[in-house]
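Inspection log for the structure reproduced underneath, given as structure tokens.
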Amino acid sequence: MTGIDDRELAGRLAATALVEIRHLAGRPQGEGESGETLKRIRFLANLTHNLPMVANQPARRSARGMPPSRSERAMRARPMSWTWNTSEPEERAWILAQVEEEGLTWTPPPPLPRPSEDVPVLRGWQRIGLPLGWPVKTPPRR
């Protein structure tokens, strides 16, 4: 068994889903089968629509001047975190089945950190800007 990282797994899962969707969409439909085929296509598309971005996109920077949040740090460390933690049990089972079918080892990411309920730490210029309404103000009425 070979270990695989999140980005490589995302690329493989997206490719596998695309091949299956292509197969399902291209075959002749039997009586009463089209509903199940569409459900399967929708299932695969919903699960994997973000995976090409996970596989190919470098980690994004957080908002200008602000340190990355705990969730952003977790997703940088494990790019599959969002997909895994927002997936239904059936979707997770599909991911794990693909890993097993290819003879790979992959450890699912831990749950994403809960958002902090603390007041955000503001820098000096941010504290000054709050009472002044800077940098965003509503335009004056004419």
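Filtered by the rule that a residue be buried (at least 17 other Cβ atoms within 10 Å of the Cβ) and more than 12 Å from the chain's Cα centre (by Cα), region 44-58 gives a lone residue, L44. Note on region 15-39: residues that are modelled with pLDDT under 90 and either of a type in the set (D, E) or in contact with a strand residue (DSSP E or B) (Cβ under 7 Å, 6 or more places away or on another chain) (or both) total 3.
Given the structure, is V19 among the aliphatic types (A, V, I, L, M), in contact with a helix residue (DSSP H, G or I) (Cβ under 7 Å, 6 or more places away or on another chain) and on the phi < 0 side of the Ramachandran plot? The answer is no for V19.
Flag: V54 does not match the condition of being at pLDDT 90 or above and of a type in the set (A, V, I, L, M).
Select from region 76-124 the residues that are under 23 Å from E8 (Cβ atoms), modelled with pLDDT under 90 and in a helix (DSSP H, G or I) and list them in ascending order. If the condition is that a residue be under 23 Å from E8 (Cβ atoms), modelled with pLDDT under 90 and in a helix (DSSP H, G or I), then R76, A77 are the ones that fit.
The values are calculated or read from the model by the stated rules, or taken from the named source; none is laboratory data. Predicted model, so just to flag it, every value in this text is computed and none were measured. For neighbour counting, all protein chains shown are included, and Cβ atoms are generated from backbone atoms with ideal geometry for every residue, glycine included.
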